[in-house]
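Everything below concerns the one structure shown next.
The values are calculated or read from the model by the stated rules, or taken from the named source; none is laboratory data. In this text the structure is predicted, and so the values were computed from the model without any measurement. Here the Cβ is made from the backbone with ideal geometry for all residues, glycine too, and neighbour counts use every protein chain on show. Ligands, DNA and RNA are stripped out before the accessible areas are found, and what is left, the full protein with its side chains, is counted by its heavy atoms. Shrake-Rupley method; radii C 1.70, N 1.55, O 1.52, S 1.80 Å.
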Amino acid sequence: MIPVRCFTCGKVIGGDWETFKTRIVGGDDPATVLDELGIDRVCCRRMFVSHPFDIESDTEPVDETIKYS
């Protein structure tokens with residue numbers, strides 16, 4: 001669950017997460033994908049690059065946690 005907006009500047013970034021994730025799993029370079037999505041601010045890029053995501057199992061921590069609710 002990536003935030004809808006960047007914590008620092010407030011730019012809406014949540015809609016680009018699925019595209020980013022799909023392309024990263026497909027083997028694309030994260031920097032290139034972010035450039036093509038128009039995410040050029042360092043603060044916004046940080047939101048994508050630092051978000052915990054397991055490429056091999058295609059899961060996020062919330063996917064594991066939701067099982068126990």
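Of all the numbered requirements in (1) open to solvent by less than 60 Å² (accessible area, probe 1.4 Å); (2) at pLDDT below 95; (3) assigned to a loop (DSSP other than H, G, I, E, B), residue 39 misses one, and that requirement is (2).
Does residue 24 qualify as being open to solvent by 70 Å² or more (accessible area, probe 1.4 Å) and outside any loop (DSSP other than H, G, I, E, B)? When the stated conditions are applied, residue 24 does not pass them. Inspection of the stretch 48-67 finds no residue satisfying the criterion of being at pLDDT 90 or above, open to solvent by less than 70 Å² (accessible area, probe 1.4 Å) and of a type in the set (Gly, Ala, Ser). Cβ-Cβ contacts under 7 Å between residues 6 or more apart (or on different chains), taken from a first residue in the stretch 13-28 that is more than 16 Å from residue 56 (Cβ to Cβ) to a second residue that is assigned to a helix (DSSP H, G or I) and not hydrophobic (A, V, I, L, M, F, W, C), are absent. Screening the stretch 42-69 for residues that are in a loop (DSSP other than H, G, I, E, B) and within 14 Å of the chain's Cα centre (by Cα) and picking the one that is nearest to residue 3 (Cα to Cα) gives 51.
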